[in-house]
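First comes the structure, then the notes that go with it.
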Amino acid sequence: MKRILLHTVLIFIAVITLIPFLWMISASFMFDGHASVFPPRFIPDQFTLMQYERLFERLSIAQNFINSLVLSLLVTVISLAFNSMAGYAFAKYKIKGKNKLFNLLISSMIIPAQVTMLPLFLMLKWMGFINTYMAIIIPGLANIFGIFLIRQYCISIPDSLIEAARIDGANDFLIYRKIILPLLTPVLATLAIFTFLGTWNDFLWPLIVMTDDSMYTLPVALANLMLEHTKDPELMMAGSVVTILPVIIVFLALQKYYMKGIMMGSVKE
Amino acid sequence: MAEVILKNVSKIYDDNTKAVDNVTINIKDKEFVVLVGPSGCGKTTTLRMIAGLEDISEGEILIDGKIINDLPPKDRDIAMVFQNYALYPHMTVYENLAFGLKLRKFDKMEIEKRINEAARILGLEKYLNRKPKALSGGQRQRVAVGRAIVRNPKVFLFDEPLSNLDAKLRVQMRSEISRLHKELGATIVYVTHDQVEAMTMGDKIVVMKDGRVQQIDTPLNLYNKPVNKFVAEFIGSPSMNFIRGEILVENAQLFFQSALKNLTFLIPDRFKAPVIKHSIQQVWLGIRPEDIHLKTENTQTDNQVILESKIQLIEPLGNQTLVYSTFEDQQIISEHRGFLSSRKDATEQFLIDKNKIHFFDQETELRIETL
């Protein structure tokens with residue numbers, strides 16, 4: 001009885017959460033105006049791809065899509081590399097003042113991102129990177145939360161593994177590459193999702209540093225779309241589908257590692 | 001294969017604590033040397049210095065006559081087996097064994113040959129494609145040993161390799177490692193806190209305490225001629241019994257008298273010279289559990305002394321019985337063959353064999369040497 005009640009509640013909540021998504025997908029396949037009729041329709045009367053055609057042909061959203069994809073992938077790959085190296089070093093290397101430095105880094109997390117935006121913008125302007133990919137890649141090269149996450153995970157790797165590899169003849173980079181990185185897979189997957197989602201969904205920063213339409217990322221382009229085409233909910237829904245689809249794919253692909261990552265540390269094997 | 005020499009080696013940490021203090025050990029070619037001592041005695045640190053995992057603060061370590069103080073671990077031609085096995089969890093057994101060889105640029109054929117050979121010796125042929133997590137504790141331990149064997153190093157270092165295994169497996173692996181030592185003709189340095197392992201495996205045992213070497217000797221000599229009270233107590237299980245007392249001289253004869261005067265006897269002549277030479281008075285009488293016997297009727301000989309003691313606990317182990325009793329507030333353990341029936345709290349007479357007793361100076365804790 002209790003189970004049935006619980007499941008009913010869960011299904012109810014799931015439905016409420018999913019309806020907007022489903023409607024978004026459904027509306028993106030409707031002709032102009034069909035989404036705003038009363039009573040609302042959940043299934044399109046006539047199925048059409050015209051909204052997508054408009055998006056890609058007339059509004060060059062393909063370019064924005066590529067911007068988002070390339071930037072998110074680059075930031076994810078590069079920051080994973082840097083974060084994992086830094087996290088490994090913070091966890092395992094004997095460096096004087098290591099913990100002090102780490103605490104300093106951690107304490108900088110309390111500074112809101114918005115506060116650093118202006119100085120960061122000025123720095124990038126001075127470097128001449130405004131309106132280039134670098135303006136998004138450089139601030140994302142490494143992030144403290146990522147270093148922290150990897151360091152915590154790395155601490156649980158026994159020292160003797162590293163020592164055994166050293167005796168086996170591996171140098172520092174090989175130990176990192178052949179021993180540490182494979183063992184970090186779950187946490188790297190978790191961090192990859194965080195970073196990819198963060199970069200993909202980021203709106204404010206690309207809006208600040210990108211000045212050309214062709215350099216916009218999807219969220220920025222989508223916002224412009226909303227301003228210009230307020231009367232076309234179907235078109236906006238198609239834009240939204242294009243925006244969240246890759247995110248969902250990434251999440252589903254890495255989900256099994258992600259779950260591992262969330263649980264790590266809570267249970268000792 | 002090679003000899004290893006530690007010359008006045010010390011390890012001093014940043015906060016000035018001495019983990020290892022002026023240790024000198026000569027390890028001959030093909031010798032099985034065991035470093036043994038209680039935890040925190042510096043034995044593992046010593047091993048790690050030989051391996052190159054710890055810096056050497058003072059002194060020199062030589063392998064084959066060459067000073068290796070500043071060589072990185074990979075260039076020392078050593079292999080180490082860790083307490084927690086330290087197998088690479090994401091690699092199969094084969095890859096684990098091959099890792100060191102690949103890094104040393106051996107060709108594929110040679111790697112395969114060596115791995116097959118090691119797998120044969122260790123009985124791992126069937127498990128080469130498994131990951132470590134699919135192996136039992138004993139098998140993991142064998143892989144860890146295999147990883148050392150395939151490298152064919154000059155020196156094998158073992159850091160408490162058996163302490164994570166259950167008792168039965170430990171006994172089995174113990175004999176297996178001894179067999180390997182003979183089969184490979186390797187120089188082995190082996191660290192353990194278990195004196196039974198040390199006694200059964202080592203050609204030579206180094207007993208350490210507080211970073212210092214207490215005694216380096218063969219297992220039998222350690223047992224029969226411990227240099228001091230610590231070694232006497234540490235080697236042997238159950239450990240040696242001690243009775244506090246003093247040596248009295250009367251009519252040019254030496255007597256031992258326990259602290260509360262419940263035991264007095266004439267000391268054998270062999271102790272005379274050293275006792276008088278060093279004018280030793282306050283001593284510990286040391287006697288091993290197997291040299292104390294329960295007195296049965298009229299069994300006392302001239303060489304035996306009677307000790308009256310109150311029984312506290314009897315532990316029948318099947319083939320032998322351990323009797324715990326107290327004498328002048330000190331616990332006395334005696335070992336008896338077979339099964340023994342006696343009552344708790346009963347006061348019994350025990351016989352001590354005078355030929356088997358030791359004396360330790362209370363001040364220096366050194367054994368009063370007799371030849």
| query | Could you give the dipole magnitude of segment A:157-259 about its Cα centre, charging the beta-carbon of Lys and Arg +1 and that of Asp and Glu -1, in debye to the nearest 20? | reply | 360 debye
| message | Given the DSSP H assignment, sum -39500 (n - 2.57) over each helix run of at least 4 residues in chain B and divide by its residue total; what's the result at 222 nm in deg cm²/dmol, nearest 500? | response | -7500 deg cm²/dmol
| request: Let me know the number of lysine pairs in segment A:71-265 closer than 22 Å at the Cα, not counting same-chain pairs under 8 apart. | output: 4
| task | May I ask which residue of B:153, B:109, B:82 lies farthest towards the positive end of the charge dipole of segment B:80-173, with charges of +1 (Lys, Arg) and -1 (Asp, Glu) on Cβ and the Cα centre as origin? | result | B:109
| note | Residues of segment A:159-182 that bury at least 30 Å² of accessible area, probe 1.4 Å, when all protein chains are present rather than the chain alone, are A:160, A:161, A:163, A:164, A:166, A:167, A:168, A:169, A:178, A:179
| remark: Mean accessible area per residue over segment A:71-265 (1.4 angstrom probe, all protein chains present, square angstrom) is 51 Å²
| query | To the nearest 10 square angstrom, how much accessible area does residue A:57 have with a 1.4 angstrom probe? | reply | 140 Å²
| remark: Put B:363, B:250 in order of accessible area, largest first, probe 1.4 Å, and you get B:363, B:250
| task | Return one whole number: the accessible area per residue of chain B in Å², for a 1.4 Å probe. | result | 47 Å²
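Round to a whole number: what % of the accessible area of chain B belongs to carbon and sulfur, probe 1.4 Å?
So the carbon and sulfur contribution to the accessible surface is 46 percent.
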| remark: Rounded to whole angstrom, the alpha-carbon centroid of segment B:158-204 lies from that of segment B:1-63 at a distance of 19 Å
| Antiparallel bridges, percent of DSSP beta bridges restricted to chain B (to nearest 5) | 80 percent
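Total Å² of accessible surface buried at the B-A contact, 1.4 Å probe, nearest 100?
Answer for the B-A pair: about 1600 Å² buried.
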| Per-residue SASA entry for residue B:356, accessible area with 1.4 Å probe, Å² rounded to 10 | 90 Å²
| query | Can you give the relative contact order of segment A:71-265 as a percent, counting alpha carbon pairs under 8 Å and 6+ residues apart? | reply | 30 percent
| Using a simple charge model, +1 on the beta-carbon of Lys and Arg, -1 on the beta-carbon of Asp and Glu, nothing else, what dipole does the protein assembly as shown show about its Cα centre, in debye to the nearest 20? | 880 debye
| chain B: relative contact order as a whole-number percent, Cα under 8 Å and 6+ apart | 16 percent
| message | Projecting each Cα onto the charge dipole of chain B (Lys/Arg +1, Asp/Glu -1 at the beta carbon, about the Cα centre), which of B:223, B:258, B:351 comes out farthest on the positive side? | response | B:223
| Of the DSSP H helices in chain A, those whose Cα atoms cover at least 18 Å axially and whose Kyte score averages 1.0 or more | A:2-28, A:61-92, A:113-127, A:185-201, A:233-263
| said: Explain nothing, just compute: Karplus ³J(HN,Hα) = 6.51 cos²θ - 1.76 cosθ + 1.60, θ = phi - 60°, for every residue of segment B:38-55 in order, whole Hz, x for Gly and Pro. | reply: x, 5, x, 8, x, 5, 5, 4, 4, 4, 5, 6, 5, 6, x, 8, 10, 5
| task | Tally up the carbon and sulfur contribution to the accessible surface of chain A as a whole percent, 1.4 Å probe, everything protein left in place. | result | 72 percent
| query | When the solvent-accessible surface of protein heavy atoms is calculated with a 1.4 angstrom probe, in what order do B:91, A:226 fall, highest first? | reply | A:226, B:91
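Could you tell me what percent of the DSSP beta bridges with both partners in the protein assembly as shown are antiparallel, to the nearest 5?
75 percent
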| task | Would you be so kind as to list the residues of segment B:55-101 that have their accessible area lowered by at least 50 Å² in the full protein complex compared with their chain by itself (1.4 Å probe)? | result | B:74, B:82, B:88, B:90, B:99
| said: Rolling a 1.4 angstrom probe over the protein chains, ignoring ligands and nucleic acids, what is the accessible area of residue B:103 in square angstrom, nearest 10? | reply: 40 Å²
| remark: Counting sequence-distant residues (5 or more places) and residues on other chains, those with an amide H built under 5 Å from that of residue B:208 are B:36, B:37, B:214
| request: Select from A:80, A:55, A:227 the residue whose mean-square fluctuation is largest in a Gaussian network model of chain A (Cα-Cα springs shorter than 10 Å). | output: A:227
| request: Please turn the phi angles of segment B:354-363 into ³J(HN,Hα) values with the Karplus equation 6.51 cos²θ - 1.76 cosθ + 1.60 (θ = phi - 60°), one per residue in order, whole Hz, x for glycine and proline. | output: 5, 5, 9, 7, 10, 10, 10, 5, 5, 6
| message | I need the phi-derived Karplus couplings for segment B:189-197: 6.51 cos²θ - 1.76 cosθ + 1.60, θ = phi - 60°, integer Hz, Gly and Pro marked x. | response | 10, 10, 9, 8, 9, 9, 5, 5, 4
| task | Only Cα pairs under 8 Å and at least 6 apart count here; give the relative contact order of segment B:1-140 as a rounded whole percent. | result | 20 percent
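The values are calculated or read from the model by the stated rules, or taken from the named source; none is laboratory data. Everything quoted here is computed from the prediction, not taken from an experiment. Every residue, glycine as well, gets a Cβ built from its backbone with ideal geometry; the counts of neighbours run over all protein chains shown. What goes into the accessible areas is simple: the full protein's heavy atoms, side chains included, and nothing from ligands, DNA or RNA. Shrake-Rupley method; radii C 1.70, N 1.55, O 1.52, S 1.80 Å.
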